[in-house]
Structures are given as structure tokens and as C-alpha cells.
Amino acid sequence: MNLKNLETCKGLIKESYIDQAIQGTTQFNKLLETLLIHKKLPSVGYNDKIIELILNEISMMDSNNFIENIGVGEREGRIYSGLVSKRHYGFAHGIGRSGDITEQQPKAAGSSLIQKLTHSLVLDAMKLAGLELTSLSNCLLLPMATGMTLTLTMLTLKSISNNNNNNNNNNNNNNNNNNNNNNSNNNNNNNNNNNNNNNNNKRYVLWPRIDQKSCLKSIITAGLIPIVIPNILDGDMIRTDLNGLEEKIKELGNENILCVFSTTSCFAPRVPDKIIEISEICKRYNIGHIINNAYGLQCSKILHNISQACKLGRVDAFIQSTDKNFMVPVGGAIICGPNKEFIDQIARNYPGRANSSPVLDVFITLLSMGKQGWLHLLKERKELLIYFNDKLSALSLEFNERLLNTINENKISFALTLSTKNLNTTFQNKEISGGGGGGVDGVNLKDDSFSMIGSKLFSRSCSGSRVIDLKSNKRIIIGGLEFNNYGSHIENYSTSYLTVACAIGITKLEIDTFIQRLSKLFKQIQHQ
């Protein structure tokens with residue numbers, strides 16, 4: 001209720017009571033004013049009631065919520081179900097317009113305001129997490145998961161490259177016409193042919209191998225040709241082959257290469273790509289550089305490397321998932337980079353309006369976390385990383401396994417070897433005949449079936465672990481490319497292994513419970 005209406009209430013109930021109500025209302029308005037002015041995370045997160053009040057206030061700015069609005073267009077924000085309307089707090093118009101995903105809508109001032117505020121809150125959260133200002137010219141939150149967002153980013157880079165080629169060829173046409181009027185027709189024909197050829201030159205994407213299908217498919221969906229750069233071994237770690245990358249650039253010619261597609265967050269024993277060195281190579285050869293930073297926003301070391309890469313070399317954009325970093329439902333990704341114009345061009349290339357739900361989810365979550373909650377989650381994850389490492393090390397010693405030495409470079413994921421002779425013997429020799437006895441919980445264990453460990457963990461309500469069984473030599477074809485030992489990021493790793501992650505939001509209790517269940521499973525297997 002606004003101040004004028006509250007003052008009117010003094011004629012209905014005691015003035016002193018209304019003065020108290022005015023104080024309460026003023027406090028809420030002050031919170032909203034602070035958010036609108038500073039556009040940063042609140043120091044302490046808001047409670048759900050305050051957030052709902054903010055959402056209800058802002059949603060009244062959209063035309064579909066006007067009391068006397070009559071909609072006579074084809075898209076007037078009508079919502080049939082009251083439950084759906086409640087779920088979306090009355091926001092029905094989405095975000096953006098047909099020409100730009102960030103353009104403000106006349107019918108939806110409230111939705112446009114939510115989008116603007118969310119982008120500001122995300123930038124603030126990223127700075128607090130450790131990204132330097134030089135790497136954050138702008139950000140764009142899209143209602144697409146990471147894979148499709150990577151595709152749109154590469155398509156935009158491709159369109160810019162093609163436009164640059166067109167401009168260069170047009171300049172050549174003009175120069176040739178001025179220098180040789182007698183041969184202008186021949187020059188025009190030649191340059192038009194060159195123009196058509198140059199438009200298609202930058203078609204290769206150099207991609208240090210990361211065994212995640214969405215990464216490779218994002219390149220293929222963009223109509224580009226992925227060139228796999230095999231990784232190399234460095235102790236237990238699977239790392240970027242910088243020499244191999246540079247040799248491939250020389251082989252293909254930098255004029256034919258659109259970008260390098262590097263990765264920061266990955267499953268151990270794969271470690272983040274050497275993005276600083278890659279950015280310097282890209283700058284030297286004038287090649288684009290897109291970084292898949294899917295869940296790297298929670299890791300200060302990764303953010304430091306991204307900041308350095310933006311400062312020392314070339315980074316066109318880095319993309320991160322909203323669900324993996326901010327703990328919201330799947331469906332959003334954030335594009336950032338040091339070049340504001342490039343981020344703005346991606347926004348202009350998005351076709352049509354978009355669903356605002358992923359934006360609203362992040363807005364609500366960041367207001368709920370506040371600066372204090374966000375920093376606590378980052379600090380807690382970093383502390384639990386060491387705790388998880390120690391627990392896995394102790395478990396590996398107990399069962400004659402080994403925790404692979406990757407923690408100095410991969411600050412999120414762990415890998416535990418699966419090579420124990422007892423496990424091998426069990427998997428090779430035990431076979432159940434339908435009676436439910438003699439195996440692991442009545443399951444028929446086929447030869448070398450390390451993958452059964454993953455399925456048994458899942459059946460014990462442990463999700464997220466991955467088993468890489470190299471004895472099965474899993475082969476897979478994606479986009480015409482064949483990969484051996486798919487999932488291991490390399491052709492010839494020495495051992496099968498189990499991967500787990502210490503991701504943001506995990507608790508000490510979850511780690512302890514997982515260790516207990518994994519230990520119990522190993523013991524059951526060994527005693528068969």
C-alpha cells in the first residue's frame with residue numbers, strides 16, 4: 001500500500017497503528033529502492049515473503065496484469081490456468097523482442113526490469129566469485145542450456161567473420177574499380193567469386209577432446225567442422241596438447257579456422273584446458289576463442305585463469321550453466337566476455353522473444369542468497385574439497401586403490417581407480433542363476449563389469465558418480481567422428497576409474513554418507 005493510502009487509513013483506525021504500518025512499509029520500499037539503485041546482491045539474502053512482494057509489485061507493471069487492460073492482439077499474455085499464473089507470478093510476456101533478446105517490451109515493463117536487474121545481479125555474483133572487471137564487459141542470460149548457447153555463440157562468431165570478409169572484398173572491389181576502370185567488369189566478377197569462397201573459409205573449430213556429447217554436438221549443430229585435438233598424459237592428469245594445437249593451426253591455416261573451443265570444468269582425471277596459453281595462441285594467429293565454463297563459476301582458480309586469459313590473449317566469450325552454478329532448474333546459461341559488442345551481437349542474433357522462467361529463477365535465487373549466502377557457499381565448497389579428497393584417499397588405501405593425483409589442477413572433480421584384484425576376480429568369476437544368491441545383491445556380474453559399480457551406487461541413492469570401464473573399450477561415433485574409450489577423454493588411459501564431484505551446495509553429511517555406501521559396496525563385492 002502506498003503512503004497516500006496509508007495516510008487515508010488514519011481516519012479508520014488509530015493513527016499510532018498506522019504510523020507503525022508506515023514504518024514497516026517504508027522498510028520494504030527501502031529494500032526495493034536499494035536494489036533498484038545499486039543493482040547488486042543484498043548484503044543478507046531476503047526472505048521468501050519479501051521476494052514475493054517484490055515480484056508481485058513488478059509483475060503489476062506488465063500489461064496482462066493491468067486491471068482495466070483489454071488485449072486485442074494475438075499475444076496478450078493470457079494464462080488459462082491459475083496454477084500456471086501463480087507459478088510464474090503473472091509474468092507471461094517473456095523477455096526481449098524479435099530484434100533483440102535484451103530489448104525492452106512496451107507491454108512488459110516489469111519483465112524487462114527483471115531481466116535488467118538479473119543481469120546486474122549475475123555480474124555482481126561473478127565479480128564476488130573472483131572474475132576481474134576486464135573479463136566482464138557484459139553478460140547475457142539466455143533461456144537455453146549450455147550446449148545450445150555455445151551453438152548460438154559460434155554462429156554469431158561465424159556471422160561476424162563472414163561480414164568482415166564481405167567488407168574486405170567490397171573494399172577490394174572499390175579499389176580495383178578505381179585503379180582499372182577498363183577491367184572493372186572482370187575485377188567485379190573475380191572479386192565476387194572470391195567473396196563467395198571467403199564466406200565459407202572459417203569453418204573449422206579446434207577442440208581439445210572432452211568426452212561430453214553436448215560439446216561436440218554444439219559445434220556440429222552450428223554447421224561447423226570439429227577438429228579433435230587429442231590430449232596428452234601428464235602423470236595422472238589428462239591435459240591440453242598445446243604443441244598439437246599449434247601444429248594443427250599451421251596445417252589448416254588460420255584463415256580457415258573460426259575458433260578454438262576450450263573447456264575449464266571437466267571430470268577428472270581430465271583437467272581444465274590451459275586457457276591462458278590457448279588465448280595467447282589465438283591472439284597470435286587471430287583466431288576466435290570460446291570457453292566452455294559450464295560449472296567453473298564456483299571455482300576461484302578457474303575464474304583467475306579466465307581473467308588472465310582475457311587480459312593476456314584472446315577470449316571472445318565464456319559460457320556457464322545457471323543450474324550447475326546457482327542451483328536453479330535446468331534451462332539457462334550465461335554468456336560473458338571482455339568484448340561488449342560481441343555479447344550484444346549474440347543478443348541481437350537470438351531469434352524472437354524468449355521464456356523468462358530461467359531469468360526469474362536466477363533473480364529469485366540471488367536475492368535469496370544475498371552476498372553473504374553466495375560467498376558462504378563458495379567458501380564451504382572449497383573447504384569440503386579438501387575434506388572429500390582426504391576421505392577418498394583413506395578409502396582408496398583401505399581397498400588397495402588409488403585416488404588419482406589431479407587435485408592441483410582440477411578443483412572440482414576426483415577420480416578413484418578401479419583396479420583391485422579382488423574386484424576383478426569377482427567380476428570375472430561370479431555368475432548368478434536366477435535365485436538371488438551368490439552375487440552382489442542378486443545381480444549377475446558379467447566379465448569386467450566395472451560399470452556395475454555405478455549402477456549399484458545409483459540404486460543406493462548415490463547419483464552423479466560415473467564409472468569409466470576401460471576394459472570394455474567403449475566406442476562411439478558422434479557426427480562422423482569415432483572415439484575409443486569414450487568417457488575417458490583419451491585413447492590410452494592406464495586404468496578404469498570412478499569419478500565424483502565436489503560441486504557447490506554439497507554438504508559434509510552427503511560426503512560422509514557417500515563414502516559409507518561406497519565402502520559398504522566394495523566390501524560386499526570383495527566377500528562374494
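Could you give the length gained on full extension between Leu375 and Ser519, defined as 0.36 nm per residue of separation minus the Cα-Cα distance, in nm? Provide the component values of the computation, followed by the final result.
Values: separation 144, 0.36 × 144 = 51.84 nm, distance 3.26 nm.
Taking 0.36 nm per residue and subtracting the Cα distance, the gain is 48.6 nm.
Treating only the Cβ atoms of Lys and Arg (+1) and Asp and Glu (-1) as charged, compute the dipole magnitude of the stretch 48-99 about its Cα centre; round to the nearest 20 debye. All intermediate terms of the calculation are to be shown ahead of the outcome.
Values: 6 positive and 7 negative charges, 37 e Å.
Dipole of the stretch 48-99, to the nearest 20 debye: 180 debye.
Kindly write out, for the stretch 261-272 in residue order, the coupling ³J(HN,Hα) from the Karplus curve 6.51 cos²θ - 1.76 cosθ + 1.60 (θ = phi - 60°), rounded to whole Hz, with x marking Gly and Pro.
3J(HN,Hα) across the stretch 261-272, in whole Hz: 10, 9, 9, 9, 9, 7, 8, 4, x, 4, 10, x.
For the stretch 287-358, what are Rg and Dmax over the alpha carbons, in angstrom?
Computed over the Cα atoms of the stretch 287-358, radius of gyration and Dmax are 13.2, 37 Å.
If you stretched the chain out fully between Arg75 and His38, how much longer would it get, using 0.36 nm times the residue separation minus the C-alpha to C-alpha distance? Don't skip to the answer; put the middle values down first.
Working: separation 37, 0.36 × 37 = 13.32 nm, distance 3.36 nm.
Full-extension gain reported as 10.0 nm.
Over all directions, how big on average is the projection of the convex hull of the alpha-carbon atoms in the chain, in square nanometres? Each step should come with its number before you reach the end.
Values: hull surface 136.0 nm².
Averaged projected area of the chain's Cα convex hull equals 34.0 nm².
Setting aside same-chain residues fewer than 8 positions from Lys30, which lysines have a Cα under 21 Å from its Cα?
Cross-link targets: Lys4, Lys39, Lys40, Lys49, Lys116, Lys371.
Put a dot 7 Å past each Cα toward the Cβ at Met148 and Met60; how far apart are the dots in nm?
Each label point lies 7 Å from its Cα, and together they span 3.4 nm.
In whole percent, how big is the carbon plus sulfur part of the accessible area of the stretch 264-362, probe 1.4 Å, protein atoms only?
Numbers: 1460 of 2940 Å².
That fraction is 50 percent.
Between the stretch 226-259 and the stretch 476-528, what's the alpha-carbon centroid distance in Å?
The stretch 226-259 and the stretch 476-528 have Cα centres spaced 27 Å from each other.
Classify the stretch 120-160 as rounded, prolate or oblate, taking a ≥ b ≥ c as the square roots of the eigenvalues of its Cα gyration tensor: rounded when a/c is under 1.5, otherwise prolate if a/b is larger than b/c and oblate if not.
Details: a/c = 2.84, a/b = 1.76, b/c = 1.61.
Prolate.
Fully extended, how many nm does the chain gain between Ser455 and Glu510 (0.36 nm per residue separation, minus their Cα-Cα distance)?
Details: separation 55, 0.36 × 55 = 19.80 nm, distance 1.84 nm.
Gain on extension, Ser455 to Glu510, equals 18.0 nm.
Would you work out if the stretch 205-279 is rounded, prolate or oblate? Take a ≥ b ≥ c from the square roots of the eigenvalues of the alpha-carbon gyration tensor; rounded if a/c is under 1.5, else prolate when a/b is larger than b/c, oblate otherwise. Walk me through the numbers on the way to the answer.
On the way: a/c = 2.16, a/b = 1.27, b/c = 1.71.
Taking the square roots of the gyration eigenvalues as a ≥ b ≥ c, the stretch 205-279 is oblate.
With every protein chain kept in the model, how would you rank Met60, Met1 by accessible area, 1.4 Å probe, largest at the top?
On the way: Met60 100, Met1 130 Å².
Accessible-area ranking of Met60, Met1, largest first: Met1, Met60.
Per-residue ellipticity at 222 nm for the chain, helices alone: DSSP H runs ≥ 4 residues times -39500 (n - 2.57), over residue total, nearest 500 deg cm²/dmol? Before the final figure, lay out each step's value.
Working: 17 runs with 257 residues, N = 528.
So the helix-based figure for the chain works out to -16000 deg cm²/dmol.
Residues in the stretch 258-298, backbone N under 12 Å from the label point at Leu312 (7 Å along the Cα-to-beta-carbon vector): list them, ranges by number please.
Residues passing the 12 Å test: 274-281.
With label points built 7 Å along Cα→Cβ from the Cα atoms of Ile225 and Asn484, find their separation and express it in nm.
Distance between label points: 2.4 nm.
Roughly speaking, to the nearest percent, how much of the stretch 28-98's 1.4 Å accessible area is carbon and sulfur?
The nonpolar share, carbon plus sulfur, comes to 55 percent.
Mind checking the per residue accessible area of the chain for me, 1.4 Å probe, whole number of Å²? Let's see the in-between values first.
Numbers: 25120 Å² over 528 residues.
With all protein chains present, the chain gives 48 Å² per residue.
Just grab the label-to-label distance for Ile67 and Lys116, each label 7 Å out from Cα along the Cβ direction, in nm (one decimal).
About 2.6 nm, to one decimal.
Counting only protein heavy atoms and a 1.4 Å probe, tell me what percentage of the stretch 123-167's accessible area is made up of carbon and sulfur. Let's see the in-between values first.
Working: 850 of 1500 Å².
Heavy-atom surface of the stretch 123-167 belonging to carbon and sulfur, 1.4 Å probe: 57 percent.
Looking at the chain, send over the antiparallel percent of its DSSP beta bridges, to the nearest 5.
Restricted to the chain, the bridges split so that about 65 percent are antiparallel.
Counting only the backbone N, which residues of the stretch 308-337 are under 11 Å from the spot 7 Å out from the Cα of Asp344 toward its beta-carbon?
Counting only backbone N, you get no residues.
Using a 1.4 Å probe, how large is the accessible area of Ser472, given in Å² and rounded to the nearest 10?
Accessible surface of Ser472 is approximately 70 Å².
The values are calculated or read from the model by the stated rules, or taken from the named source; none is laboratory data. In this text the structure is predicted, and so the values were computed from the model without any measurement. Cβ sites come from the backbone with ideal geometry, for glycine too, and all protein chains shown count toward neighbours. In case anyone asks, the SASA skips ligands and DNA or RNA and just uses the protein heavy atoms, side chains included. Shrake-Rupley method; radii C 1.70, N 1.55, O 1.52, S 1.80 Å.
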